[in-house]
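The values are calculated or read from the model by the stated rules, or taken from the named source; none is laboratory data. These numbers come from a predicted model, not from an experiment. Please note: Cβ atoms are built from the backbone with ideal geometry, for glycine as well, and neighbour counts cover all protein chains shown.
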Amino acid sequence: MQISLASAPKVGTNGATELLIPMGAVNVALGGSNIANISGADAIYWNPAGLAVLNGGEATFSYMDYFAGMKVSYLAGGARLGRLGMVGVSLQVLNIGEIPVTTIEAPEGTGEIIEPNYLTIGATYARAFTDRINFGANAKVISEKIGTMNASAIGFDLGLQYVSPWGIAFGVAMRNIGSKVKFDGTGIEFDSAIPYSKRAATTRKTRLDLASSQLPTSLSLGLAYLYKMNDQLKFNLLGNYTNNSFTINQVSAGVEATLMDMFIVRGGYQMTLFPEDYPEAAKDDNQFGLALGGGCHFKVGGNNLMIDYAYRPMKTFDANQYFTIGISF
């Protein structure tokens, strides 16, 4: 994968597109710009190196109204294993809803209903090599099922963070490196006549040969600057560049203001690079721009309870709304 800011973007078709749906209200409200100093369970999706920052354990649950009636649920958590580092798990479920089955013979529907299932299960390991450098990795299993057809793949994420003593942080995350996705099942089987045979002859079972697709690999480079105005107020200034393997490359920026470590306001903006090179693809890829959100974090019985929300408008469909609740212990 080549990294280039000036060349024409690469546009193509990839498999397991659900991996591109961003998870967690915190970084969604920041336009996906926090790669450099994101921490805790939220980091599992964006940059697994950030999980190493946890001192104890943390778990979060996110729910999102996507578009066209689709719903996404995401569960992530991590805990420390002493000097060995941090381990974590994650579960992403995409619910498309019910789809009526149609065929050539029954274009109005056969009466059958299918419910596609998209499931991604991940395991994470992260460790702080020094007080400035964190490393993390995800291994995940992607499973897709549509009617009698199913596909699966194995994917990996790698992340690195460096936090300087001056509040400046740098992050690198490579996501979705792995095997190809190819559907298989009885849905591609049909009865066909044997060539040159009599009309009443027995038919034979024929299977279509489906093509395989690669995972949507991406490489993100992020910068962050944490500015503490005083003991009560601090600002996190963020920027990110993402090189995508099959879609137009993107840049994003965000700012997060935290008051008394309890009340947080967030805003971010995402844009594609050089959309004029592929104007038709840009219409579909450039769906998002401004994102807003906020949160409230407070102590409950010695634990930290976190409630966060993100609002992300779409150009073609209704806005995405994210709700995340988490607890650190």
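Taking the condition of a type in the set (Val, Ile, Thr) and either surrounded by 14 or more Cβ atoms within 10 Å (Cβ to Cβ) or at pLDDT 90 or above (or both), does Thr316 pass? Judged against the criteria, Thr316 is not a match. Here is the figure for the range 29-63: residues that are part of a loop (DSSP other than H, G, I, E, B) and of a type in the set (Ser, Thr, Tyr) total 2. Right, Asn117: surrounded by fewer than 18 Cβ atoms within 10 Å (Cβ to Cβ) and either more than 17 Å from Val181 (Cα to Cα) or under 18 Å from the mean Cα position of the chain (by Cα) (or both) or not? Yes: the conditions hold for Asn117. Taking the numbered list (1) modelled with pLDDT under 90; (2) in a strand (DSSP E or B); (3) hydrophobic (A, V, I, L, M, F, W, C) in turn, Phe170 passes all entries but (1).
Total residues in the range 207-238 satisfying the condition of being part of a strand (DSSP E or B) and either under 26 Å from Met262 (Cβ atoms) or among the hydroxyl-bearing types (Ser, Thr, Tyr) (or both): the figure is 15. Scanning the range 270-287 for residues that are surrounded by 17 or more Cβ atoms within 10 Å (Cβ to Cβ) and at pLDDT 85 or above yields Gln270, Thr272. Scanning the range 288-329 for residues that are under 16 Å from Ile21 (Cβ atoms) and free of Cβ contacts under 8 Å to residues at least 24 places away in the same chain yields a single hit, Ala319.
Selection of the range 1-28 for residues being surrounded by 21 or more Cβ atoms within 10 Å (Cβ to Cβ), on the phi < 0 side of the Ramachandran plot, in a loop (DSSP other than H, G, I, E, B) and at pLDDT 50 or above yields Gly15, Pro22, Met23.
Annotation note: Cβ proximity below 6 Å between a residue of the range 21-36 that is in contact (Cβ under 8 Å) with a residue 12 or more places away in the chain and a residue that is of a type in the set (D, E, K, R) (sequence gap 6+ or interchain) occurs for Gly24/Asp42; Ala25/Asp308; Val26/Asp42; Val26/Asp308; Val28/Arg312; Ala29/Arg266; Leu30/Arg266.
Using the structure shown, decide if Pro165 is without any contact (Cβ under 8 Å) to a residue 60 or more places away in the chain and under 24 Å from Pro216 (Cα atoms). No: the conditions fail for Pro165.
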